Amino acid sequence: MSEQIYDLIVIGAGPGGYVAAIRAVQLGMTVAVVEQRESLGGVCLNEGCIPSKALLDSSELFALARDSFAGHGIGIDPPRLDLPLMMARKDDVVKKLTDGVAFLFTKNKIASVRGTARLTGERDGVHGVEVAAPEGTRQLRGRRVLLATGSEAAAIPFMPFDGETVASAREALSFDRVPEHLLVVGAGYIGLELGSVWRRLGARVTMVEMLPKMLPNTDGQVADTLMRSLKKQGIAFRMETKVTGFEKREGKALVTVESGGATEEIACDRVLVAVGRRPLTAGLGVEELGVRLEEGRIAVDDDYRTSVPGIYAIGDLIHGPMLAHKAMAEGEVFAERLAGQASVVDYAFIPGIVYTWPEAAGVGRTEEELKGEGVEYRVGKFPFMANGRARCMDETEGFVKILAKPDSGRVLGIHVIGPRASDLIAEAVTVMTYGGSAADIAMTFHAHPTLSEVMKEAALDVEKRAIHA
C-alpha cells in the first residue's frame, strides 16, 4: 500500500490551524493536522481566550452578588467562593469546545495526528514532516505545509516561570487558592484581565508597567477611563516602573522595582508575568530549511508563502496582532487563496478587545494616530450614562466614540468602553469594512431599549445632532 500524500499538512490545531484545515477540506483538499496537545484548539481554547473568559464571567457574577445585588432589591447572605467548583466549570467549558473541534475534524475527515512536528525537507515536490510522539516517530508527506503553531508567554530572564510563585497566564488560570497579593508585571490585555479575575475574588492586585500608559495602542480616552474604573475596583497601578530583581524568601516573592531613579522591594505571594508573547518556532526546523525570519516572526507574502516553496505560515508566527480572530481569518483566506480564490484579510479592521469590566474595544484609527499624522477628523461621542438600557442594568460607565472624515463622514475609527463593548464593536467593524459613514450608522434602526443605541447617538453626534445628549 503506497504512503498517502496529503494536499496539505497543518502544524498546529489552534484557531488559525483548525480553521485552515476545515476550509481546505471544504475546497476539496486532503488534510492532516499535527498537534502536540492532547486536546485541539491551541492556546486560545485550552489556556487563553476561552478559560480566561469563563473565569471573567464567573468572577463578575461573584462580584455582582457581593457588591451589586442589594441595589437591585435582592437581599442575600454574603456569597461564598467555591474556587474548585469555579475552576471545574471553567475546565468543563474548555472541554466542550475542544471536543467540538475534534467533532469537526471527524465530520470533515481531517486526519488528526498527535505529536511534535519537525520539517524534514522537500523531495520530488513533496514535503516531509516528522512527528515525534510517546508511541514512536511517524513520517507524514504533503504537497504543502502550513505552520500555525501560535505563540507562548515571554519570560523575564531573571524571573523564570516556575508554575507556582512566578506564573504565566496558563498557571494564573488555575491557581488553587486566591492569592493574598498578586503582582502583575505588564498592564496589557492579559495582565488586566487576569488581574481583574483575582481582584474580584478577593486578592490584592498590583500592576507594574514600564510604559507611562497602559494599553498604548488603545484610544487614550478609553485607556484612561478604564484605568480609573479599575482603580475604583481596588487594583493598584505602578506606571513607568521597571522590574529589576527577584528572589524568594520565607515563602514570599520579593520583587525589586525601579521608578524615577528610586528602588523599592515589593513583597507578594504570587507574580503573574504578562509582558508579551513570542512565536513558537523552536524545533520546527524552519531555520534549517532556510525559512526567512523578520524580527523573530516568519516572513510571508500575500498568499502566506514563506521563502521556502510549499511552506506557509499564519497567525502569531507572522506579522500583526496576536489575536485568535486574526489567525482564524488568515486560516480561511489562506485556504481560499491556495484554491485560486482572490480572498483577502482586511487588516485595517481587526478589532481589539479587553474583557475587563467595563469592557473596552476598538477598531480602526485612534485620535492619537490621526493627530500624529495630521489627518482631519470629527468626533462623535455618547455616554452610556444617558442610555436607558444601561440605566436599567445599572452599568453606566463609559462611552462610544466615533472618528469620521469631515467631508464624507466615512468612519475612521470607533472606540467603546462600557457594558458589552466586545459585542457592540461588531457593528463598527461591519460599517468600516464596507466603507460606511457615521450617517449610515445614524440612519440605521437600533432597537429600543438596547445598548446599541449608544452607537447610533455617537454617530448622530458626529454632526452634533444627538437626540439624548
Three-way shape call for the stretch 194-243 based on the alpha-carbon gyration tensor, with the a/c threshold at 1.5: oblate
Those Cys residues of the chain for which no other cysteine Cβ falls under 4.7 Å: Cys268, Cys392
Solvent-free Debye scattering, log10 I(q)/I(0), computed from the Cα coordinates of the stretch 358-461 at q = 0.15 Å⁻¹: -0.54
Mean Cβ neighbour count within 10 Å, used as a protection proxy, ranking 453-460, 275-282 highest first: 453-460, 275-282
Set of aspartates and glutamates with alpha-carbon distance to Lys53 below 17 Å, sequence-local pairs under 8 removed: Asp91, Asp92, Glu171, Glu193, Glu359, Asp423
Charge tally in the Cβ shell below 14 Å around Ile11, where Lys, Arg are +1 and Asp, Glu are -1, Ile11 excluded: +3
For Lys248, net neighbour charge (Lys/Arg +1, Asp/Glu -1) across residues whose Cβ lies under 12 Å away: -2
Rounded if a/c under 1.5, otherwise prolate or oblate - the stretch 166-275, Cα gyration tensor axes: oblate
In Hz, Karplus ³J(HN,Hα) per residue of the stretch 78-84 (6.51, -1.76, 1.60; θ = phi - 60°; x = Gly, Pro): x, x, 10, 7, 10, 4, x
Out-of-range pairs (alpha-carbon distance over 28 Å; input Lys405/Lys456; Lys90/Lys213; Lys213/Lys381): Lys90/Lys213
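If we count other beta carbons within 10 Å of each Cβ, what is the order of Leu147, Leu284, fewest first?
In order of increasing Cβ crowding within 10 Å: Leu284, Leu147.
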Distant-in-sequence amide H partners of Ser343 (H built 1.01 Å from N, under 5 Å): Arg337
Residue exposure sequence - Cys49, Cys44 - by fewest surrounding Cβ within 10 Å: Cys49, Cys44
For Met207, residues with placed amide H under 5 Å, excluding near neighbours: Val184, Ala236, Phe237, Arg238
Proximal charge balance of Arg292 [Cβ under 14 Å; K/R count +1, D/E count -1]: -3
Arg420 long-range amide H proximity, modeled H, under 5 Å: Glu359
Part-to-part distance (alpha-carbon centres) for the stretch 97-162 and the stretch 412-458, which is given in Å: 39
Dipole magnitude of the stretch 150-268 about its Cα centre (Cβ charges: Lys, Arg +1; Asp, Glu -1), debye to nearest 20: 420
Shape of the chain, Cα gyration tensor, a/c cut at 1.5: oblate
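Counting other Cβ atoms within 10 Å, keep those with at most 11, restrict to DSSP loop, and tell me which GluC sites (Glu not before Pro) in the stretch 71-157 are left.
The qualifying sites are Glu135.
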Centroid-to-centroid separation of the stretch 181-246 and the stretch 267-294 [C-alpha atoms, Å]: 23
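Here, each number is a calculation from the coordinates, and none is a lab measurement. This is a predicted model, so every value here is computed, not measured. Because the Cβ atoms are built from the backbone with ideal geometry, glycine has one as well, and the counts that use them run over all protein chains shown.
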